[in-house]
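The values are calculated or read from the model by the stated rules, or taken from the named source; none is laboratory data. Fair warning: this is a prediction, and the values are worked out from it, not measured in the lab. Ideal geometry is used to build each Cβ from the backbone, glycine not excepted, and the neighbour counts take in all protein chains shown.
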Amino acid sequence: MDPVIPDVLEETCATRQALERFAAKWRVLLLYALLAGPQRHAELRRRLPGITQKVLTETLRGMEADGMVERRVVKDSPPRHVEYALTDLGRTLREPLAAICAWAARSGQALHPGAVQPGEPPGE
């Protein structure tokens, strides 16, 4: 039986809608960062150099609205803090992200000639 290939050019296609959500630069990187487990806002900012506080907050809110991330208040009494974690749905992206990482590692030289490959010292 042939796999069903969705028509991602159609606006109502679920695959297209998912791809549009993940097309935002920071979403995939945040998913990847949160695969390591729950983290506070400041930890995520340190792990993602270049992201602004505003963009991080907006992106996390959007991912929470999409059901990918949950926001948890830790400690009932002050000082309270908030941490973010992947939901069950968000964790289902572990294998697809690993597949993309493996593909990039195999295809890195073709995509970016002269780029340093993982495990390879610079300048070789």
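The number of residues in region 52-83 that are outside any helix (DSSP H, G or I) and closer than 18 Å to PHE22 by Cα comes to 5. Scanning for something within 18 Å of ALA65 (Cα to Cα), in a loop (DSSP other than H, G, I, E, B) and at pLDDT below 95, does region 18-32 turn up at least one residue? Yes, the conditions are met somewhere in region 18-32.
Listed by first and then second residue, the pairs linking a residue in region 85-98 that is among the β-branched types (Val, Ile, Thr) to a residue that is surrounded by 12 or more Cβ atoms within 10 Å (Cβ to Cβ) and outside any helix (DSSP H, G or I), with Cβ atoms under 8 Å apart and 6 or more places separating them unless they lie on different chains, are THR87/MET68; THR87/VAL69; THR87/GLU70. Residues in region 27-63 that are surrounded by fewer than 13 Cβ atoms within 10 Å (Cβ to Cβ), polar (S, T, N, Q) and either in contact with a strand residue (DSSP E or B) (Cβ under 6 Å, 6 or more places away or on another chain) or more than 15 Å from VAL82 (Cα to Cα) (or both): THR52 only.
Checking each residue in region 33-51 for being among the aliphatic types (A, V, I, L, M), assigned to a loop (DSSP other than H, G, I, E, B) and over 15 Å from LEU97 (Cα atoms) picks out LEU48, ILE51.
Restricting attention to region 84-124 and to residues that are in a loop (DSSP other than H, G, I, E, B) and modelled with pLDDT of 80 or more, the residue that is nearest to GLY67 (Cα to Cα) turns out to be THR87. So is GLY67 touching a residue at least 40 places away in the same chain (Cβ under 8 Å) and surrounded by fewer than 12 Cβ atoms within 10 Å (Cβ to Cβ) or not? Criteria not met by GLY67. Being of a type outside the set (Gly, Ala, Ser), within 27 Å of ILE5 (Cα to Cα) and touching a Ser or Thr at 6+ places or on another chain (Cβ under 9 Å) narrows it down to one residue among ARG45, ARG91, ARG27, ARG106; which is it? Selected residue: ARG27, the only one of ARG45, ARG91, ARG27, ARG106 that is of a type outside the set (Gly, Ala, Ser), within 27 Å of ILE5 (Cα to Cα) and touching a Ser or Thr at 6+ places or on another chain (Cβ under 9 Å).
Of a type in the set (Asp, Glu) and not in a loop (DSSP other than H, G, I, E, B), is that true of GLU10?
no
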